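**Student:** Could you have a look at this structure, given as structure tokens, before my questions?
The values are calculated or read from the model by the stated rules, or taken from the named source; none is laboratory data. These numbers come from a predicted model, not from an experiment. All Cβ positions, glycine included, derive from the backbone under ideal geometry; neighbour counts span all protein chains shown.
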Amino acid sequence: MALPPIITATIQSAVLAATSNLLAQSLTAYQNEARLVIDWVPVFQFVVYSLVNVPPNFLWQEFLESTFPAYHTTPTSAAANDEKALEREAKKGKLVEPRLNITNTAIKMMLDQTIGAAVNTLLFSIFMHSIQSAMVEPPGASFSGSDSSTQYAFPLSPIGYGKVNWSDVVARSRAEFYSILVAGWKVWPIVSLINFAFIKSIQGRNLVGSLAGVGWGVYMSLITARQE
């Protein structure tokens, strides 16, 4: 039985989020000429963020598409200009054809790259800073090897949100908000244009966004790693 599109999209994004963080760790090790030792804690954090973030974003894209449809139907050029062609098109059931609605596409891009981008940027920062504070390395723990980080990353017991300083989390998120938002504007508008203009299904758009997000995820993984 096929999974609902929103669940499929969430699983795809979670897998790609883990991939992007692993790539970022590999890149860092290569740049530092060091042996690669996988730290599973940030991998876990990025996967959890995807699981939490993708469903509302999927619904946001559905809202944009239902409110501002990408395509509207118009008479085919043949049907509009030639009586014989009209008869042929009628027999084929092709009197109308989908045509890109440029106005709706522009509106969706504007909303997605302003309201959508601002909310996503702020939520990402708050989530990452809070979960990093909630998963502070316990006394005596060592993340020098992947086995030790595995033991710490995957049980839920080490996540203690009661010790998070939320004022500090909000302050750090606000401080980096504009730099991340501006960096995103160098990538995501072209992704949105491709999605809104050429990809018709919400599932397909999410997949394109997730694939583009691998590169963006590498960048964000490197940023968050420097802030720990």
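**Student:** Looking only at the range 174-209, which residues are of a type in the set (A, V, I, L, M), assigned to a helix (DSSP H, G or I) and within 14 Å of Thr121 (Cβ to Cβ)? Steps first, answer last, please.
**Tutor:** Quick first cut of the range 174-209, residues of a type in the set (A, V, I, L, M) only: 175, 180-183, 187, 190-191, 193-194, 197, 199, 202, 207-208.
Within this subset, residues satisfying the condition of being assigned to a helix (DSSP H, G or I) are 175, 180-183, 190-191, 193-194, 197, 202, 207-208.
Listed by number, the residues that qualify are Ala175, Ile180, Leu181, Val182, Ala183.
**Student:** Considering only the range 1-19, state which residues are of a type outside the set (Ser, Thr, Tyr) and in a helix (DSSP H, G or I). Step through it out loud before you land on a result.
**Tutor:** Just the residues of the range 1-19 that are of a type outside the set (Ser, Thr, Tyr), to begin with: 1-7, 9, 11-12, 14-18.
If the condition is that a residue be of a type outside the set (Ser, Thr, Tyr) and in a helix (DSSP H, G or I), then Pro5, Ile6, Ile7, Ala9, Ile11, Gln12, Ala14, Val15, Leu16, Ala17, Ala18 are the ones that fit.
**Student:** For the range 190-201, how many residues are in contact (Cβ under 8 Å) with a residue 40 or more places away in the chain and under 13 Å from the mean Cα position of the chain (by Cα)?
**Tutor:** The total comes to 1.
**Student:** For residues that are farther than 19 Å from Phe127 by Cβ and part of a helix (DSSP H, G or I), tally how many sit in the range 20-64. Let's see the steps before the verdict.
**Tutor:** As a first pass, look at the range 20-64 and keep what is farther than 19 Å from Phe127 by Cβ: 22-23, 25-38, 61-64.
After this cut, where a residue has to be part of a helix (DSSP H, G or I) as well, the list is 22-23, 25-31, 61-64.
Final tally of qualifying residues: 13.
**Student:** If you check Ser50, Ser66, Ser26, which single one turns out to be crowded, with 19+ Cβ neighbours inside 10 Å and modelled with pLDDT of 90 or more?
**Tutor:** Values: Ser66 fails: crowded, with 19+ Cβ neighbours inside 10 Å; Ser26 fails: crowded, with 19+ Cβ neighbours inside 10 Å.
Of Ser50, Ser66, Ser26, the one residue that is crowded, with 19+ Cβ neighbours inside 10 Å and modelled with pLDDT of 90 or more is Ser50.
Here is a yes/no grid of residues against (1) within 15 Å of Gly215 (Cβ to Cβ); (2) under 20 Å from the mean Cα position of the chain (by Cα):
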| residue | (1), (2) |
| --- | --- |
| Ile6 | no, yes |
| Ala9 | no, yes |
| Ser20 | yes, yes |
| Asn32 | no, no |
| Leu36 | no, no |
| Asp39 | no, no |
| Phe44 | no, yes |
| Tyr49 | no, yes |
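**Student:** Would you check if Ala79 is surrounded by 14 or more Cβ atoms within 10 Å (Cβ to Cβ) and modelled with pLDDT under 90? Write out each step before concluding.
**Tutor:** Working: surrounded by 14 or more Cβ atoms within 10 Å (Cβ to Cβ): yes; modelled with pLDDT under 90: yes.
Here the answer is yes, as Ala79 does meet what is asked.
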